[in-house]
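The values are calculated or read from the model by the stated rules, or taken from the named source; none is laboratory data. Treat the numbers as computed from the prediction; the structure is a model and nothing was measured. Because the Cβ atoms are built from the backbone with ideal geometry, glycine has one as well, and the counts that use them run over all protein chains shown.
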């Protein structure tokens, strides 16, 4: 009898679990635990970004999701900058860096529009931040939303924190450097630490140093200037493409729709930030730029003798006219004019 009772109880218990597992959520159910997968959601000012929608926690769609408020996390007060429109450039058609190679072709695909800094996608709760977010003060903000379905609607106050940060205007993808080539036979001369960061905060490697400034109100251009160790600027025409078999490696001109060579610079016009376009990230050599400065411009080049940064670093000079081969990789995340000044540990020939 005892075994029969145990078996009967087991069957009833399993049956109860099965029924519980098969029970359906009521149509129109709206959970109290709807949430975003990230908290905080970090956003860089002025950078386009789409954030994944809400996690509905078994709530039944379709939804109608809207913004109730955005409040300063510290003061609790509404931040009006989230609800003020500004003018941005938008694409009417998809930009293709392979074929949109003139300003006329590019302008035909884009226009100016008034836009809010961010919007919410009604059905999913995805957050779309636009370039107009550049006008939002940095800080942490609480997002309040309303979710509605067939049963009714609920408010979700402080569903996530929006963390608005100043963007990186530009980024290095590798340490910039030059290597040396003997002009008489094309053989490569390498010295220790020529590809190492010396001081990444000051954008300085073993053989090169960058200074980059941005004018947010200027046209979309990157102005590249290269200097020797004494501050003498190389003419724009000295920055030649680097041969690679039957062709040439990428330069910044590969990514720009227009390139202008001047007496002291090379100017690259670009369509949109990010520049180079993300299309190039998946291509051979991605966004790395390769240049040659031929020996007619080079009097000497320095190389590391003692390498113990930051305590001791010293150089020696190799006094012969090498060909310099430069490599660097830069991402420009916001529109505007960038002056890119690259200083080499080399000496330009007088009068060249």
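Which of the residues belonging to segment 256-279 are part of a loop (DSSP other than H, G, I, E, B) and more than 19 Å from the chain's Cα centre (by Cα)? Working first, answer last.
Initially, segment 256-279 is screened for residues part of a loop (DSSP other than H, G, I, E, B), giving 256-257, 262-265, 270-274, 276-277.
Those that are part of a loop (DSSP other than H, G, I, E, B) and more than 19 Å from the chain's Cα centre (by Cα): 257, 262, 263, 264, 265.
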message: Criterion first (in contact with a strand residue (DSSP E or B) (Cβ under 8 Å, 6 or more places away or on another chain), surrounded by 14 or more Cβ atoms within 10 Å (Cβ to Cβ), under 26 Å from residue 335 (Cβ atoms) and at pLDDT 95 or above) does residue 136 satisfy it?
response: yes
Residue within segment 323-333 that is more than 19 Å from residue 174 (Cα to Cα), in contact with a strand residue (DSSP E or B) (Cβ under 9 Å, 6 or more places away or on another chain) and surrounded by fewer than 19 Cβ atoms within 10 Å (Cβ to Cβ) present: no
- prompt: Of the residues that make up segment 151-164, is at least one outside the structural domain of residue 331 (by TED's automatic domain parsing), at pLDDT below 95, under 26 Å from residue 54 (Cβ atoms) and not in a strand (DSSP E or B)?
  reply: yes
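Yes/no per residue for (1) part of a loop (DSSP other than H, G, I, E, B); (2) outside the structural domain of residue 307 (by TED's automatic domain parsing); (3) buried (at least 16 other Cβ atoms within 10 Å of the Cβ); (4) at pLDDT below 95:
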{"residue": "209", "(1), (2), (3), (4)": "no, no, yes, no"}
{"residue": "212", "(1), (2), (3), (4)": "no, no, yes, no"}
{"residue": "217", "(1), (2), (3), (4)": "yes, no, no, yes"}
{"residue": "224", "(1), (2), (3), (4)": "no, no, yes, no"}
{"residue": "230", "(1), (2), (3), (4)": "yes, no, no, no"}
{"residue": "250", "(1), (2), (3), (4)": "yes, no, yes, no"}
{"residue": "254", "(1), (2), (3), (4)": "no, no, yes, no"}
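Across segment 178-216, what is the total count of residues that are within 15 Å of residue 340 (Cα to Cα) and touching a residue at least 60 places away in the same chain (Cβ under 8 Å)?
Start the filter on segment 178-216 by keeping residues that are within 15 Å of residue 340 (Cα to Cα), which leaves 202-204, 208-216.
The next check asks that each one be touching a residue at least 60 places away in the same chain (Cβ under 8 Å); those that pass are 208-216.
Residues that pass the stated criteria total 9.
Counting only residues that are surrounded by fewer than 21 Cβ atoms within 10 Å (Cβ to Cβ) and either within 25 Å of the chain's Cα centre (by Cα) or not assigned by TED's automatic domain parsing to the domain that holds residue 64 (or both), which one in segment 124-133 is nearest to residue 327 (Cα to Cα)?
Quick first cut of segment 124-133, residues surrounded by fewer than 21 Cβ atoms within 10 Å (Cβ to Cβ) only: 124, 126, 128, 130.
Of the ones still in play, those that are also either within 25 Å of the chain's Cα centre (by Cα) or not assigned by TED's automatic domain parsing to the domain that holds residue 64 (or both) are 126, 128, 130.
Numbers: 126: 39, 128: 36, 130: 33 Å.
Per the criteria, the residue is 130.
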query: Here are some conditions: (1) out of contact with any helix residue (DSSP H, G or I) (no Cβ under 6 Å at 6 or more places or on another chain); (2) closer than 20 Å to residue 204 by Cβ. Residue 334 meets all but one. Which one does it not meet?
result: (2)
- request: Please enumerate the residues belonging to segment 25-47 that are exposed (fewer than 15 other Cβ atoms within 10 Å of the Cβ) and in a loop (DSSP other than H, G, I, E, B).
  value: 25, 26, 27, 28, 32, 33, 37, 38, 39
- prompt: Is it fair to say residue 147 is surrounded by 14 or more Cβ atoms within 10 Å (Cβ to Cβ) and at pLDDT below 95?
  reply: no
